[in-house]
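Here's the structure we're looking at; comments come further down.
The values are calculated or read from the model by the stated rules, or taken from the named source; none is laboratory data. If you're wondering where the values come from, they're calculated on a predicted model, not measured in any experiment. All Cβ positions, glycine included, derive from the backbone under ideal geometry; neighbour counts span all protein chains shown. Ligands, DNA and RNA are excluded from the accessible area calculation, which covers all protein heavy atoms including side chains. Shrake-Rupley method; radii C 1.70, N 1.55, O 1.52, S 1.80 Å.
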Amino acid sequence: MTAASEPARPLRLLWLQSGGCGGCTLSLLGAEKPDLLTALAAANVELLWHPSLSEATGGEARAILEAVAAGDQPVDILCLEGSVINGPGGTGRFHLMAGTGKPMRDWIAAIAQRAGYIVAVGSCAAFGGVTAAGGNEVEACGLAYDGTRAGGLLGAGFRSPRACRSSISPAAPSTPAGSPTRCCRSAPAR
Amino acid sequence: MSRLIVGPFNRVEGDLEVRLDISAGAVADARVVSPLYRGFEAMLVGKPALDALVYAPRICGICSVSQSVAAARALAATGSVPLPANGGLAVNLIHAVENVADHLTHFYLFFMPDFARAVYAGEPWHAGAAARFAAVRGGAAQDFLPARAELMNLLGVLAGKWPHTLAVQPGGSTRAISRAELARLGALLAAFRRFLERTLFADGLEAVAALSTRDALLAWAERRAMAGDFARFVILSQATGLNRLGRTDLRHMSYGAYPSAEGPLFPRGVFRRGVGSVLPVDRITEDVSHAWYRTAPDDAPRSPRDLGAPPDAARDDAYSWCKAPRLDGEVAEVGALSRQLVAGHPLPRDLVARDGATVEARVVARVLEVALVAMAMERWVRAIDPAAPFIDHTPLPTAGEGAGLTEAARGSLGHWVDLEGGRITNYQIIAPTTWNFSPRDAAGTPGPLEQALRGAPVREGEAEPVAVQHIVRSFDPCMVCTVH
Ligand code: SF4
């Protein structure tokens, strides 16, 4: 996939974080041969917003997310890092998105309805991961799985507009094998 | 009086909201909200002791090695696990790679891009700063990311992977280093020195480490005539008055970093207003008067040796998941600046003697520390003896308590563990940003960032005041650690 053979319009990528450690992003920053920015340019990917990388903050960032959720700003690829947090008692109050007072879970659910492709980055976003460990006090789950059960936030029957179910990629390491920076790579338990 | 809520406050690690009361063009009062709770302390109770080494690093993807080091030390302290010299050197190297990578990630990706903001478009320096430092598009990020990725290859050799290595253990490192690998580590460090000396400093590391006053720093930066990104920062800091922004006048604390038989590279202690003192570790407590946790019946703050308070999202009198750690009942600031003040480096001491702890002093101390640690890493690689052991396999006791204290890039990190029958019965964590971004305590005293934000200028019509952004990011906050 090179810029030369692609249509002129870049693929717009939105990256969100919830119940995770940020390590998937840090692992991605370790991309080599080529480095991350070169790789994004080569794949004609434009960052609509990324929590660690973008200039836009506060109201500027809220405006982007609101426009995406409302369907006014198209998004081709949604990456989620970190699990979806439902607790306590299903309220989602263990993560209210800053500046909005609204559960991050609800933002993710609304934005997922608009994205062409959805990628669960790392085992937290795929299955709930470490955040769901112990007694899963925070009621964490993945985008399309709750532990090993199909379902999760989006439900077992969910299909994104441009993709089959398999594009909800479980626990893809963000950097290639051989690179020293890898986050929590884990295979599904079945 | 008007109110501003800034969030999601990005280019920090994790999610952050800052609530500001604005009056007469300045911040009158600030409340710092840590909005995410994951419950690592509860998660660890009942698990076998060594499971801490699997879970604790996943608190934080940017300082996972710091979490591993604190966990390994806390476990080692439950008994008496010896640490072979090679093990100490290898763990110091693993930890140092992460810490310098974090300092530079903060400088290049999180802090400097704010100089490219449109609010500065009228400044004579703006076009140059934007070309160099703009988020994603700027030339500096494109220079830095390949250098960072190459530096991380040290962790491929020393730790297998990053983040979340299992190489760091109570008795040292699982990864013995051969003579050929030592040569490779030396070559990778030489490449890193080149990046620092060409791109960041445009000068030798030794010359940077020898800078001893603010005047000397300014003269050095002028002589570089905008060669090197650190000189560019110093000149931008002068132009924007970062030495008058985000001032605090607090106790600075350091647990001490990079231990060895000859003593730590940076010592443990407390520093305030020119005077150093001993750190009373047993006088650390956490207050939950303004945090979403159930308060104790007597409302007293808790020692991290005791069980932590359970979460209580329903409390209307609280505003953050961050607890309020206090040292002897007082607020303390932590970070590279605090570490270098305690260690007695003359440059940060001069900066703080003149202007107080400011945005400028925090950034300068961080970049200075990159030079100091990079030189130490070269010495540690030379000191490794590939024929000697890297780990001691003395088993942990089945019962005991231990504290693991270390310095992450962003400041003092402590883990406190209790074991019974080989299992964890209590695990408490106080992270650097828990100190810096703490909410008010029972006496109503705000945390360091809340104090630093008071008086920050707010321009007409600003919704995300640029001064507030500089101040918040000057602490290099890590929100995923803060609450854990
Ligand atoms: S999958 Fe691993 S690296 Fe990614 S957020 Fe979860 S714990 Fe962190």
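Considering the stretch B:47-102, the residues that are of a type in the set (S, T, N, Q) and touching a strand residue (DSSP E or B) at 6+ places or on another chain (Cβ under 6 Å) include one that is farthest from the other protein chains (Cβ to nearest Cβ), namely B:Thr78. For the structure I just gave you, tell me whether A:Cys79 is away from every other protein chain (no Cβ under 13 Å), buried (at least 18 other Cβ atoms within 10 Å of the Cβ), within 16 Å of the ligand (Cβ to nearest atom) and not acidic (Asp, Glu). For A:Cys79, the condition - away from every other protein chain (no Cβ under 13 Å), buried (at least 18 other Cβ atoms within 10 Å of the Cβ), within 16 Å of the ligand (Cβ to nearest atom) and not acidic (Asp, Glu) - is met. Could you check, for the stretch A:95-103, whether at least one of its residues is surrounded by fewer than 24 Cβ atoms within 10 Å (Cβ to Cβ) and away from chain B (no Cβ under 13 Å)? Looking for residues that are surrounded by fewer than 24 Cβ atoms within 10 Å (Cβ to Cβ) and away from chain B (no Cβ under 13 Å), one finds none in the stretch A:95-103, hence no.
Taken as a whole, the structure leaves B:Phe110 outside the set of residues that are aromatic (Phe, Trp, Tyr), at the interface with another protein chain (Cβ under 9 Å from one of its Cβ atoms) and within 30 Å of A:Asn136 (Cβ to Cβ). Within the stretch B:20-43, can you find the residues that are more than 22 Å from B:Arg410 (Cβ to Cβ) and either open to solvent by 40 Å² or more (accessible area, probe 1.4 Å) or more than 7 Å from every other protein chain (Cβ to nearest Cβ) (or both)? Scanning the stretch B:20-43 gives B:Leu20, B:Asp21, B:Ile22, B:Ser23, B:Ala24, B:Gly25, B:Ala26, B:Val27, B:Ala28, B:Asp29, B:Ala42. Any residue in the stretch B:158-178 that is surrounded by fewer than 15 Cβ atoms within 10 Å (Cβ to Cβ), away from chain A (no Cβ under 14 Å), out of contact with any helix residue (DSSP H, G or I) (no Cβ under 6 Å at 6 or more places or on another chain) and among the hydrophobic types (A, V, I, L, M, F, W, C)? No; the residues of the stretch B:158-178 include none that is surrounded by fewer than 15 Cβ atoms within 10 Å (Cβ to Cβ), away from chain A (no Cβ under 14 Å), out of contact with any helix residue (DSSP H, G or I) (no Cβ under 6 Å at 6 or more places or on another chain) and among the hydrophobic types (A, V, I, L, M, F, W, C).
Only residues that are within 12 Å of another protein chain (Cβ to nearest Cβ) and among the polar types (S, T, N, Q) were counted in the stretch A:82-91, giving 2. Entry remark, the stretch B:129-152: residues being away from every other protein chain (no Cβ under 12 Å) and surrounded by 16 or more Cβ atoms within 10 Å (Cβ to Cβ) number 2 in total.
Of all the residues in the stretch A:23-54, those that are open to solvent by less than 10 Å² (accessible area, probe 1.4 Å), touching a residue at least 60 places away in the same chain (Cβ under 8 Å) and either of a type outside the set (A, V, I, L, M, F, W, C) or more than 10 Å from the ligand (Cβ to nearest atom) (or both) number 5.
The sole residue among A:Gly58, A:Gly71 that is surrounded by fewer than 17 Cβ atoms within 10 Å (Cβ to Cβ) and either more than 16 Å from the ligand (Cβ to nearest atom) or more than 18 Å from the chain's Cα centre (by Cα) (or both) is A:Gly71. In the stretch B:363-439, counting only strands (runs of 3 or more DSSP E) that sit wholly within it, the ones holding 1 or more residues that are open to solvent by less than 10 Å² (accessible area, probe 1.4 Å) and touching a His at 6+ places or on another chain (Cβ under 9 Å) span B:400-408, B:423-430. Restricting the stretch B:136-180 to residues that are among the aliphatic types (A, V, I, L, M), in contact (Cβ under 8 Å) with a residue 60 or more places away in the chain and part of a loop (DSSP other than H, G, I, E, B), the residue that is nearest to B:Gly61 (Cα to Cα) is B:Leu166.
A:Cys124 passes every criterion in (1) within 14 Å of chain B (Cβ to nearest Cβ); (2) more than 16 Å from the ligand (Cβ to nearest atom); (3) of a type in the set (A, V, I, L, M, F, W, C); (4) in contact (Cβ under 8 Å) with a residue 40 or more places away in the chain apart from (2).
Considering the stretch A:127-154, the residues that are part of a strand (DSSP E or B) and away from the ligand (no atom under 16 Å from the Cβ) include one that is farthest from the chain's Cα centre (by Cα), namely A:Arg149.
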